[in-house]
Amino acid sequence: MEVAPGGVDVLQHLFEPLEIAGHRLRNRIVHLATLTQYGERNGVSDRLVDYHAARAAGGAAVSIVEGLAVHPSSVPLRSVVTLFDDANADGLKRLAAAGEDRDCRMIGQLWHVGRQQLWSPIDSPVGVSDQPDAYSWTVPHVLDPDEIADIVAGFVDSARRLRAAGFSGVELHGAHGYLITQFLSPWSNSRDDAYGGDRARRLRFVREIAGGIREACGADFIVGLKMPAQEGVPCGIDLAEAQAITRDLAGDGVLDYFAYSQGNFSQSLDDHTPDMHYRPGHFLDLHKALREAAGNIPVMAVGRVTDAAHAEQVLANGQADLIGLGRALVADPALPNKARDGGAIRPCVFCNLCWGEIHQGKPLLCFLSPALGTPSEVDEAIAPAAAPRRLVVVGAGPAGLETAWRAAARGHRVTLIDGATEPGGTLRLDARLPGRGEMAKAVDYLAGRCVAHGVDMRLGHAADPATIAAEKPDLVVLATGATPRRPELAAGAEAVSWREALLGLLEGGARQGRAVLFDMDHSDPTYAFAHLLTQRFEAVTLLTPRVQIARNVPYTNALGIYRRLLNAGVEIVTTALPVDHRDGRVIWRNAFTGKQSTVDDVALFAYSTPRQANDALAAPLRAAGLEVRLVGDARAPRTLFSAIHEGAKTANEV
C-alpha cells in the first residue's frame, strides 16, 4: 500500500489524538503485544529495545510490550522477560525510554500462562480448575486461595515495577485461554468457591488485580484489559457473555481500555491470528457490539485490520476507538508515518510465519522484512556500494526482485530479465489460488521497489548465456527458481505437477471424476490447490507419506486447512506413497506396511513435491568467464523466507 502525501487529510480519524488516563496518544494506532522471543536469559536484550524503538520511531502512538512474566509459576521460556527479577530494572528502563522518548506510550503486558505451560518439560503448570489444557492436554495443579493471592500480588508488584521504570501503563492479558481467561470463562472455571461459579465470582480475580494496580500506581497509570470477544468453544465466553463481563468491569471505573481478541488453545486458536483466508476485519462486528457495552471506555479493534485505509474505515464505522496492529507493524514499523506522509508500505499478507516461529520458541521473523529487529529497520538505511557494478539478475520471482531492488538501491546498475510477462514467479501463481490473493501484495511491493530504484526490468524476454553475456555484466545473479520433481512412479504413469495443472483449472469449469493430489510439500499453497480441486472435481483424495498433513505451516494455519478440506469432503490418506496412475486408477502403497490400495475414477493425478533447482545456466556462464551467484530456490529449494532474505544478503554483499 502506498499513501500519497496529504494522506493525513484522508485518514482524519486515524490521526486524531486521544487522551487515556491523562496520557495523550498522538494517533489511534497501537502496536499490539507481539511475542518476539528477543529476550535473553529472561532479561531485556538490545534487540528487544531496538524492536520497540522502531515501532515508536515509525509513528505508533502506543507500543505494548509482549507478555511479561509476573510470577515464578509462569516462565515459559528464557526469552520471556520476567518482571519479578530485580536484575531487570535497568533493562526495563531502557525499554520504556525506547518508546517514551519518541512520544510513544509504552505499555507492558502482564502475562500468566496458567495451565498452558507449553514449552517447559519441568515446570508444573497451575490453573483455575483441573481440566486439561486444550492444546497440550497437560493437567495443572489447581491454585488454592493463598496461591491466588500470591499471583495477584505478583501482577500488582509487576505493574509497580513498570511504572518505576517509566512505562505509561499495563495491559492485563486475559485472552487466548491464559490464566485470567481461565478465571473469566465458564468453560475453564469449574470452581465452587470465591473465585468460581457465577459471573461475579469469576470476575473476582481480574478485579483484585486491576484494583490493586490502580491503588498502587495511581489514576494516571493506564490499566487495560485484553479479553475474548468470543472463545469459540461450547459453554465458553461468547458475545453475550463478553458484553456482560465488559459492562460489569466498565462499571467499576478502574479500567482505561478494553481490547478484544478471539479463540483459545482449542480448535478455535486460528481465530486468534486470522490468516489471509479470513475476510478483513472478520470479527469487528463483535467489537462494535462490545464497544457499546463498554460505555465511555475506549475499545481497541484487534484482528486482521489490513492497512491504514482499513483502519480509518473501522474508526469511521464506530467499530472501535483504537486500532491494534500486530502483524502489520511487524512487517513495517513505519506504517503510521508512511500512511501520514506518503511512502511505500511493506505489506503484511497475514501468512502467519511470524506466529509460527514464536510458537516454536524461535525469534520473531517476517519473510518480507530482512531488517526486522535491527537499528536500521525503520529507515531501511542501505549502505551505498564502494564501487558500483553492472549486475544482471535472471528471474523475477521473490529472490530476484529482492536482489535487484536492493542492489540498485546501493548504486549498482541492475538489469532484471525474466521470460514471464509479469513479475513474481511462482509467488504470482500462488496468489491465484483460493484464499491466497494477499500474496500478490508482496509481489507488487517488491516490483514497485525495483521501479522506484531504477531497475531495468526486461519481462517477456527469455535469458540464455549469449543474451546475458551481451550485457557485459560484472556479476550474474541467478534467481531462476525450482521445479517440482516427479514422484517415483511406474514407467508410463500419468502425472502432472500442481503448477502445470493450475492454469488450466483456473480457466475451466467443473470436471467429472476424482482428483488425486500427492502431497510431499505440506505448504499453504499445496492445500489451497487442494481446495481448488474441490471446486472443480466431484471428489478429491489427498495422499501424503507422512502421518499427518500441514506439517510445514504454522499451527493456526493448519487448523484452518483441516477445517476447509474436511468441510469440502476431501479424503485425506496418510502414510501413502503413489505407485502408478493409468486408465483412471491410482495405485498407492502404505509407507510402513507396503500394502497396496487403489483409487478409481481418477480424472487428474497431480503432485506437490520437493523441488529441483533450476540452475542449468550457471555452468555455461561460468565457463564463459562470468562471475555467477545463485539465490533462493536456484541455489537450494527452500522457503519464501529463504528466497527473500538470501536475496537481501546477496545484494548487501556485492
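The values are calculated or read from the model by the stated rules, or taken from the named source; none is laboratory data. Everything numeric in this text was worked out from a predicted model, so none of it was measured. Counting neighbours? That spans all protein chains shown, and the Cβs are built from the backbone with ideal geometry, glycine included. Only protein heavy atoms, including side chains, enter the accessible area calculation; ligands, DNA and RNA are left aside. Shrake-Rupley method; radii C 1.70, N 1.55, O 1.52, S 1.80 Å.
Odds and ends about this structure:
- Qualifying positions in region 451-481 - surrounded by fewer than 22 Cβ atoms within 10 Å (Cβ to Cβ) and part of a strand (DSSP E or B): Asp456, Met457, Arg458, Leu459, Leu475
- Criterion: aliphatic (A, V, I, L, M), farther than 23 Å from Lys649 by Cα, outside any helix (DSSP H, G or I) and open to solvent by less than 40 Å² (accessible area, probe 1.4 Å) - qualifying residue of Ala493, Ala510: Ala493
- Residue in region 452-461 that is at pLDDT below 95 and of a type outside the set (Ser, Thr, Tyr) present: yes
- Of all the numbered requirements in (1) in contact with a His (Cβ under 7 Å, 6 or more places away or on another chain); (2) surrounded by fewer than 15 Cβ atoms within 10 Å (Cβ to Cβ); (3) hydrophobic (A, V, I, L, M, F, W, C), Ala636 misses one, and that requirement is (1).
- Entirely in region 526-633, the strands (runs of 3 or more DSSP E) that have 1 or more residues that are of a type outside the set (A, V, I, L, M, F, W, C) and open to solvent by 40 Å² or more (accessible area, probe 1.4 Å): 571-573, 576-582, 585-590, 596-599, 611-613, 628-630
- Candidates Ala216, Ala259, Ala200, Ala165, filtered to the one that is in contact with an Asp or Glu (Cβ under 9 Å, 6 or more places away or on another chain) and surrounded by 24 or more Cβ atoms within 10 Å (Cβ to Cβ): Ala259
- Within the option set Asp275, Asp238, Asp285, Asp307, being surrounded by 22 or more Cβ atoms within 10 Å (Cβ to Cβ) and either farther than 28 Å from Asp157 by Cα or in contact with a Pro (Cβ under 8 Å, 6 or more places away or on another chain) (or both) holds for one residue only, Asp275.
- Being part of a loop (DSSP other than H, G, I, E, B), open to solvent by less than 20 Å² (accessible area, probe 1.4 Å), more than 27 Å from Val80 (Cβ to Cβ) and among the hydrophobic types (A, V, I, L, M, F, W, C) is a condition met by no residue of region 352-369.
- Thr181 meets each of the listed conditions (1) under 20 Å from Gln267 (Cβ atoms); (2) in a loop (DSSP other than H, G, I, E, B) apart from (2).
Okay, residues lined up against (1) touching a residue at least 60 places away in the same chain (Cβ under 8 Å); (2) surrounded by 22 or more Cβ atoms within 10 Å (Cβ to Cβ):
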site: Asp90; (1), (2): no, no
site: Lys93; (1), (2): yes, no
site: Ala97; (1), (2): yes, no
site: Gly108; (1), (2): yes, yes
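- Single unsatisfied condition, Ala396 versus (1) surrounded by 24 or more Cβ atoms within 10 Å (Cβ to Cβ); (2) touching a helix residue (DSSP H, G or I) at 6+ places or on another chain (Cβ under 7 Å): (2)
A quick yes/no check of all residues on (1) without any contact (Cβ under 8 Å) to a residue 40 or more places away in the chain; (2) in a loop (DSSP other than H, G, I, E, B); (3) touching a Phe, Trp or Tyr at 6+ places or on another chain (Cβ under 6 Å); (4) among the aromatic types (Phe, Trp, Tyr):
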residue: Gly437; (1), (2), (3), (4): no, yes, no, no
residue: Ala442; (1), (2), (3), (4): no, no, no, no
residue: Thr483; (1), (2), (3), (4): no, no, no, no
residue: Pro487; (1), (2), (3), (4): no, yes, yes, no
